[in-house]
Amino acid sequence: MNKNRLIKDLSANTIQTGFAQLVGLLIFYFMSRFIPKSDFGEYSWATAVGSTIVAIGSLGLDFVLVKRIA
């Protein structure tokens with residue numbers, strides 16, 4: 001594999017990941033500021049439960065897919 005392409009791919013992945021984290025942080029901040037505490041708590045609980053169900057339901061297949069792609 002070409003070294004320059006590897007650096008370019010890693011840089012693009014880093015920028016994409018950083019942007020996604022920044023957008024998530026901004027959404028979290030604005031939700032925490034403008035939504036009542038009880039509603040924000042319900043949203044946080046629903047997000048946590050949903051993430052757990054997806055993680056258990058996938059049976060780790062997402063990690064297998066990432067390994068095969070890499």
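Taking only Cα atoms, what is the 0 to 90° angle, nearest 10, from helix 37-58's long axis to the longest principal axis of the chain? Rounded to the nearest ten degrees, it is 40. Taking a ≥ b ≥ c as the square roots of the eigenvalues of the alpha-carbon gyration tensor, the chain is classed oblate because a/c is 1.5 or more while a/b is no larger than b/c.
Between the Cα long axis of helix 3-34 and the first principal axis of the chain there is an angle of about 0°, rounded to the nearest 10.
Ignoring ligands, DNA and RNA, what percent of the accessible area of the chain is carbon or sulfur (1.4 Å)?
70 percent
Quickly estimate the mean residue ellipticity at 222 nm for the chain, helices only: each DSSP H run with n ≥ 4 gives -39500 (n - 2.57), and the total goes over all residues, rounded to 500. One gets -31000 deg cm²/dmol as the mean residue ellipticity at 222 nm. With the simple model of a label 7 Å out from the Cα in the direction of the Cβ, ILE69 to THR14 spans 2.0 nm.
The values are calculated or read from the model by the stated rules, or taken from the named source; none is laboratory data. Owing to the predicted nature of the structure, the values given are computational and were not obtained by experimental measurement. Glycine gets a Cβ as well: all are built from the backbone with ideal geometry, and neighbour counts include every protein chain shown. Each accessible area value is taken on the protein alone, full model and side chains, heavy atoms only, with ligands, DNA and RNA left out. Shrake-Rupley method; radii C 1.70, N 1.55, O 1.52, S 1.80 Å.
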